[in-house]
Amino acid sequence: MQEYSIKQIQSKILETMIYVDRLCRENDIEYYIMGGTALGAVRHNGFIPWDDDLDIFMTPSNYEKFKSIFSTKNDARFVIQEWRLGNNPLEYAKVRMNGTTFIESNFKDKPNMHHGVFIDIMILHKCPKSHIKKGLLFLLSRYVTTQALAERNWNPKSKFQTIMLRLIRLLPKHFMSGYCYKQIYKYDKQVIKNYQYCYFLTKASYKQAIFPKEIFLQPVDIEFETTTLMAPTNIKKYLEIRFGNYTVLPPEKERQAAKHAEIVDLEKDYREYFK
């Protein structure tokens, strides 16, 4: 199997994102680059040099519109892969490239799922300003995140996580996840004068996952590698909340190529590796 450089992997990921971006612009669908992708755009004018993924935010309504348009285009190069707990609302989605292989270690025992190169679509939710309501949403999100990880062969890394996993196995799984997602999504269609945005289905801390609505008023264009992508209205404020002093590079020993995948092949379909 051929070894690929981080630049070659990034190029395929970017090819997928360029297709998503074009689809969104042609159909008035808004998205925002987020996380390390937003950090890379500001600090490196593209990917973080040692990173091999690309993440964007969409609100639930924009995602539903995107999904509908995506299905009508029926482009043979790409597919949408949705992550849900049962029939509950969406946790997040991936747009994957056919004819490629990007098999993550957590999923190498799942031959029936798609394992192509991908970008992530994370769902950005409205939340009220009430600290009590936001705190409840945070706890419910942590519950379903842990439950989802438990179903993906995740190994707990601390005593607290071990206790959480044991607790989850004792609770009625479908009832609990259904209740949690209902609460997480319930504010998105409500008319709320004073609201914020949150993304709690993440490793980020409570304070790192709550954003003033002004940050996501309307996407702005930002240069990213050889193209232009949509960014938060105030991307620097977003990065301050999410990462703190985002302009400072990590220690050199931490600037190593991330390896999200155990098996990578940019020219061969993943199904070849499950034969």
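The values are calculated or read from the model by the stated rules, or taken from the named source; none is laboratory data. No experiment lies behind these values; they were computed from the predicted model shown. All Cβ positions, even for glycine, are placed from backbone atoms using ideal geometry, and neighbour counts span all protein chains on display.
Inside segment 202-248, can you point out the residues that are of a type in the set (V, I, T) and either part of a helix (DSSP H, G or I) or in contact with a Ser or Thr (Cβ under 8 Å, 6 or more places away or on another chain) (or both)?
So in segment 202-248, the residues of a type in the set (V, I, T) come out as 202, 210, 215, 220, 222, 226-228, 233, 235, 241, 247-248.
Within segment 202-248, T202, I215, V220, I222, I235, I241 qualify.
Only one of F47, F70 is assigned to a helix (DSSP H, G or I), within 27 Å of T101 (Cβ to Cβ) and either within 20 Å of the chain's Cα centre (by Cα) or of a type in the set (S, T, Y) (or both). Can you tell me which?
Numbers: F47 fails: assigned to a helix (DSSP H, G or I).
Just a single option satisfies the conditions, and that option is F70.
Residues in segment 61-90 that are out of contact with any strand residue (DSSP E or B) (no Cβ under 9 Å at 6 or more places or on another chain) and β-branched (V, I, T): how many?
Number of matching residues: 2.
Quick one: K65 ticks every box in (1) among the charged types (D, E, K, R); (2) loosely packed, with under 14 Cβ neighbours inside 10 Å; (3) outside any loop (DSSP other than H, G, I, E, B) bar one, so which box is it?
(2)
If you go through segment 214-262, how many residues are among the charged types (D, E, K, R), over 20 Å from the mean Cα position of the chain (by Cα) and modelled with pLDDT under 95?
4
I need a count of the residues in segment 16-53 that are buried (at least 16 other Cβ atoms within 10 Å of the Cβ), modelled with pLDDT of 95 or more and among the acidic types (D, E).
The number of residues fulfilling the criteria is 2.
For segment 167-201, how many residues are under 16 Å from G135 (Cα atoms), outside any strand (DSSP E or B) and of a type in the set (S, T, Y)?
Here the count works out to 5.
Would you check which residues across segment 258-267 are surrounded by 14 or more Cβ atoms within 10 Å (Cβ to Cβ) and outside any strand (DSSP E or B) and list them? First the steps, then the outcome.
Keep residues of segment 258-267 that are surrounded by 14 or more Cβ atoms within 10 Å (Cβ to Cβ), which gives 260-261, 263-266.
Scanning segment 258-267 gives H260, A261, L266.
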